[in-house]
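Peer 1: I'd like to ask you about the structure that follows.
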Amino acid sequence: EDDVDTIVTCDNGIAAMSEIAYGKENGMTIVVTDHHEVPYLEENGKKKYLLPPADAVVDPHRADCEYPFKGLCGAAVAYKQVLYRVSGKSEQEVEHLQDNLMENVAIATIGDVMDLVGENRVFVKKGLELLKTTKNEGLHALMQCTGVDTANLNTYHIGFVLGPCLNASGRLDSAQRAMELLDSKTREAAVAQAAFLKQLNDSRKEMTEEYVKIAVEMIESGPLKDDRVLVVFLPDCHESIAGIIAGRIRERYYRPTFVLTRGEEGVKGSARSIEGYHMYEEMTKCSSFFTKYGGHKMAAGLSMREEDVEPFRQKINEICTLTEDDLQEKIHIDVPMPVSYVSFRLVEELELLEPFGTGNPKPVFAQKDLKFVSARALGKAGNVLRFTVEDSEQKRWEMMYFGGKDNFEAYAAEKYGQTALDGLYSGKGSPLYFDVVYYPGVNTWQGNTKLQLVMQQYR
């Protein structure tokens with residue numbers, strides 16, 4: 001009806017059989033670029049792959065795709081196609097296009113939690129450097145609006161600050177808002193859109209916190225607590241934040257998690273997985289429950305009938321083969337190392353291994369019986385902890401913890417008693433001792449640079 005005769009997809013389409021068939025019936029040209037798993041049926045123990053009836057289907061997970069790197073995100077697959085199309089142009093034109101688009105590929109690769117190895121590592125390393133001096137008015141405004149230190153931009157800022165703001169528009173308003181930000185031609189327009197997206201993301205955070213609490217109450221007070229695969233039905237929750245909630249619940253309980261909400265037609269949901277549980281393959285084993293589904297090893301999306309929610313929960317748990325050991329989160333320590341070994345030179349050497357992220361995590365160090373001298377709560381919500389710790393040479397260090405004050409306090413009070421915990425906050429009690437997993441870094445504040453330790457885990 002809009003006189004459009006061609007559709008090119010990005011990051012979707014591999015499972016859109018009926019939609020693409022309908023488009024073809026109406027004379028459209030359809031090109032799919034995607035990175036999700038190709039749907040399949042099991043026949044006599046063999047997988048029969050089902051490709052949509054598009055004019056072209058570009059997906060590194062096709063069984064007949066010989067491209068050597070399979071870990072590209074959807075945006076990177078589309079990027080490859082663009083470069084292929086312009087390969088006949090001048091080197092200068094191609095380089096300009098590469099740089100402009102590389103910023104987007106870096107954001108997408110981090111935002112979609114892809115492994116930062118192989119080509120992805122190059123995309124992200126190069127993309128972060130370009131973003132520090134971006135010519136894109138929208139991205140520049142968003143970094144300023146959210147207080148990102150562009151000189152020290154890293155994967156954290158993309159994954160937890162800028163990415164969520166871009167994502168919030170599609171979740172709570174319209175993805176057009178993020179598109180308009182990226183396409184801003186003037187500083188004024190970019191600043192207005194950036195402020196709107198930040199506000200939208202702040203609203204999303206509040207909604208997420210509210211429904212995470214509801215989900216935890218449901219799990220703790222009912223039969224879900226004994227399930228190895230969590231299926232949480234939150235009928236009134238906005239469907240667009242189901243994936244974020246699933247991720248938070250997965251982190252808290254370290255179990256594969258489905259969060260389902262009531263949509264306009266039936267139930268919609270998102271799923272997040274753990275190591276050792278292939279989400280898409282497990283869903284395929286009970287695909288009869290879904291009206292639609294798609295995804296990959298660590299994440300998936302689905303639609304289903306409301307009356308099938310409980311039978312699905314029972315079935316996905318019935319076929320689950322995860323053991324108690326699988327459900328125990330593993331903490332891999334790279335090097336046991338006293339904090340007294342930390343130096344500026346060591347931090348500089350570790351920075352050479354960046355960018356860090358999924359598939360290339362920060363190396364972590366551990367020390368047993370570290371002396372905790374005092375503690376202080378920081379941040380708007382008082383949820384960040386700053387400790388003073390002391391090493392065996394009686395040198396004092398600042399150690400930050402961003403993993404949540406409540407859990408630490410409950411654990412410390414249980415092990416040492418409330419009086420000892422109160423003494424830690426006042427700095428007047430006896431020191432407490434913890435085994436810690438940590439990462440060394442530097443903190444620059446008002447021109448002063450000092451070494452800082454960031455605690456990852458404790459016991």
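The values are calculated or read from the model by the stated rules, or taken from the named source; none is laboratory data. In this text the structure is predicted, and so the values were computed from the model without any measurement. All Cβ positions, glycine included, derive from the backbone under ideal geometry; neighbour counts span all protein chains shown. We work out accessible area using only protein heavy atoms, side chains counted, and drop any ligands, DNA or RNA first. Shrake-Rupley method; radii C 1.70, N 1.55, O 1.52, S 1.80 Å.
Peer 1: Restricting attention to segment 172-189, report how many residues are assigned to a loop (DSSP other than H, G, I, E, B) and not polar (S, T, N, Q).
Peer 2: 3
Peer 1: Here's a follow-up. Quick check on segment 382-424: of everything there that is part of a loop (DSSP other than H, G, I, E, B) and within 27 Å of the chain's Cα centre (by Cα), which residue is farthest from ALA366 (Cα to Cα)?
Peer 2: Across segment 382-424, the extreme among qualifying residues is GLY382.
Peer 1: A further question follows. Considering only residues of segment 259-309 that are of a type in the set (D, E, K, R) and within 25 Å of the chain's Cα centre (by Cα), which is least open to solvent (accessible area, probe 1.4 Å)?
Peer 2: GLU282
Peer 1: Does ASP149 count as of a type in the set (Asp, Glu), under 25 Å from ILE241 (Cβ atoms) and modelled with pLDDT under 95?
Peer 2: no
Peer 1: Count, please, the residues in segment 36-57 that happen to be surrounded by 11 or more Cβ atoms within 10 Å (Cβ to Cβ), free of Cβ contacts under 8 Å to residues at least 60 places away in the same chain and either out of contact with any helix residue (DSSP H, G or I) (no Cβ under 6 Å at 6 or more places or on another chain) or within 16 Å of HIS296 (Cβ to Cβ) (or both).
Peer 2: Residues in segment 36-57 being surrounded by 11 or more Cβ atoms within 10 Å (Cβ to Cβ), free of Cβ contacts under 8 Å to residues at least 60 places away in the same chain and either out of contact with any helix residue (DSSP H, G or I) (no Cβ under 6 Å at 6 or more places or on another chain) or within 16 Å of HIS296 (Cβ to Cβ) (or both): 9 in total.
Peer 1: If only one of GLY294, GLY276, GLY301, GLY269 is in contact with a His (Cβ under 9 Å, 6 or more places away or on another chain) and not in a helix (DSSP H, G or I), which one is it?
Peer 2: GLY294
Peer 1: A follow-up question, please. Of MET102, MET143, which residue is part of a helix (DSSP H, G or I) and in contact with a Lys or Arg (Cβ under 7 Å, 6 or more places away or on another chain)?
Peer 2: MET102
Peer 1: Taking GLU390 as the residue in question, decide whether it is of a type in the set (Asp, Glu), closer than 23 Å to PRO336 by Cα and touching a residue at least 40 places away in the same chain (Cβ under 8 Å).
Peer 2: Spelling it out, GLU390 is indeed of a type in the set (Asp, Glu), closer than 23 Å to PRO336 by Cα and touching a residue at least 40 places away in the same chain (Cβ under 8 Å).
Peer 1: Here's a follow-up. Out of all the residues in segment 69-80, is one or more open to solvent by less than 80 Å² (accessible area, probe 1.4 Å), part of a helix (DSSP H, G or I) and hydroxyl-bearing (Ser, Thr, Tyr)?
Peer 2: Yes.
Peer 1: Find all pairs meeting these conditions: Cβ atoms under 7 angstrom apart; at least six residues apart or on different chains; first residue within segment 347-364 and open to solvent by 90 Å² or more (accessible area, probe 1.4 Å); second residue not in a loop (DSSP other than H, G, I, E, B).
Peer 2: Matching pairs, first to second residue: LYS362/TYR439.
Peer 1: State yes or no: is ALA192 modelled with pLDDT of 95 or more, touching a Cys at 6+ places or on another chain (Cβ under 9 Å) and assigned to a helix (DSSP H, G or I)?
Peer 2: no
Peer 1: Something else about it: Regarding ASP391, is this residue surrounded by fewer than 18 Cβ atoms within 10 Å (Cβ to Cβ), touching a Phe, Trp or Tyr at 6+ places or on another chain (Cβ under 9 Å), of a type in the set (Asp, Glu) and over 19 Å from LEU346 (Cα atoms)?
Peer 2: no
Peer 1: Same structure, new question: Mind listing just one residue for me: the one in segment 365-381 that is farther than 14 Å from GLY403 by Cβ and under 26 Å from the mean Cα position of the chain (by Cα) and, of those, most open to solvent (accessible area, probe 1.4 Å)?
Peer 2: LYS380
Peer 1: Mind counting the residues in segment 402-419 that are in contact with a strand residue (DSSP E or B) (Cβ under 7 Å, 6 or more places away or on another chain) and either open to solvent by 20 Å² or more (accessible area, probe 1.4 Å) or not aromatic (Phe, Trp, Tyr) (or both)?
Peer 2: Summing the residues that are in contact with a strand residue (DSSP E or B) (Cβ under 7 Å, 6 or more places away or on another chain) and either open to solvent by 20 Å² or more (accessible area, probe 1.4 Å) or not aromatic (Phe, Trp, Tyr) (or both) in segment 402-419 gives 4.
Peer 1: Filter segment 258-286 down to the residues that are of a type in the set (Val, Ile, Thr) and in contact with an Asp or Glu (Cβ under 9 Å, 6 or more places away or on another chain), then identify the one that is nearest to ALA215 (Cα to Cα).
Peer 2: THR261
Peer 1: Scan (1) at pLDDT 95 or above; (2) over 20 Å from the mean Cα position of the chain (by Cα); (3) of a type in the set (Gly, Ala, Ser) for the single condition ALA215 breaks and write down its number.
Peer 2: (2)
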